[in-house]
Amino acid sequence: MFGLFLIVVVLVLAGTMIEGGNAMSARGHATDIAQQAARAGANALDLTALRTDGVVRLDPAAARTTATTYLTQVGETGTVTATPTQVTVTVTLTRPGILTPILGLATLTVHATATATPVTS
């Protein structure tokens with residue numbers, strides 16, 4: 001009886017570790033995608049302001065479009081907000097669970113947010 005209990009405990013712990021690893025991997029991927037999309041959007045400078053006044057600021061509409069295009073290119077979805085000073089991207093990923101479907105949880109959803117600002121040297 002004790003042996004059966006021990007086996008169940010070990011299986012539950014192993015399943016928890018596997019699902020934890022799956023969640024960490026998905027979160028890392030979501031963070032990477034959000035960061036890359038935000039950086040892409042931060043490249044959309046307002047060139048008129050830069051050339052006439054020397055002011056480094058974003059073109060918010062172009063930044064949103066550029067970041068959204070990046071998300072589409074990599075096959076992910078998210079929300080993009082942009083102001084003249086920064087671009088913020090939130091990515092939501094849904095991945096299938098590895099062992100959690102046994103418990104009725106078919107998917108794992110993670111969110112990651114990244115912000116980028118234009119930088120000049």
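Values in this text are rule-based calculations from the coordinates and carry no lab data. Nothing here was measured: the structure is a model prediction, and the numbers come from that model. Every residue, glycine among them, receives a Cβ derived from its backbone with ideal geometry; neighbour counts consider all protein chains shown.
With neighbour counts taken as other beta-carbon atoms within 10 Å, the residues Thr107, Thr81, Thr68 rank, fewest first, as Thr107, Thr81, Thr68.
Taking the longest Cα principal axis of the chain as reference, the axis of helix 2-42 is set at about 10 degrees. Computed extension length for Leu47-Ala61: 3.7 nm, one decimal, from 0.36 nm per residue of separation with the Cα-Cα distance subtracted. The stretch between Ile102 and Ile18, if pulled fully straight at 0.36 nm per residue, gains 28.9 nm over its current Cα-Cα span. Using every pair of separate Cα atoms, the Kirkwood estimate puts the hydrodynamic radius of the chain at 16.5 angstrom.
In what sequence do Thr88, Thr52, Thr83 fall when counting other Cβ within 10 Å, fewest first?
By the 10 Å Cβ count, ascending: Thr52, Thr83, Thr88.
Where does helix 60-73 land angle-wise versus the long Cα axis of the chain, in degrees 0 to 90, nearest 10? It works out to around 40 degrees.
Here the label points at Arg95 and Met1, each 7 Å from Cα along the C-beta direction, are separated by 4.1 nm in the simple model.
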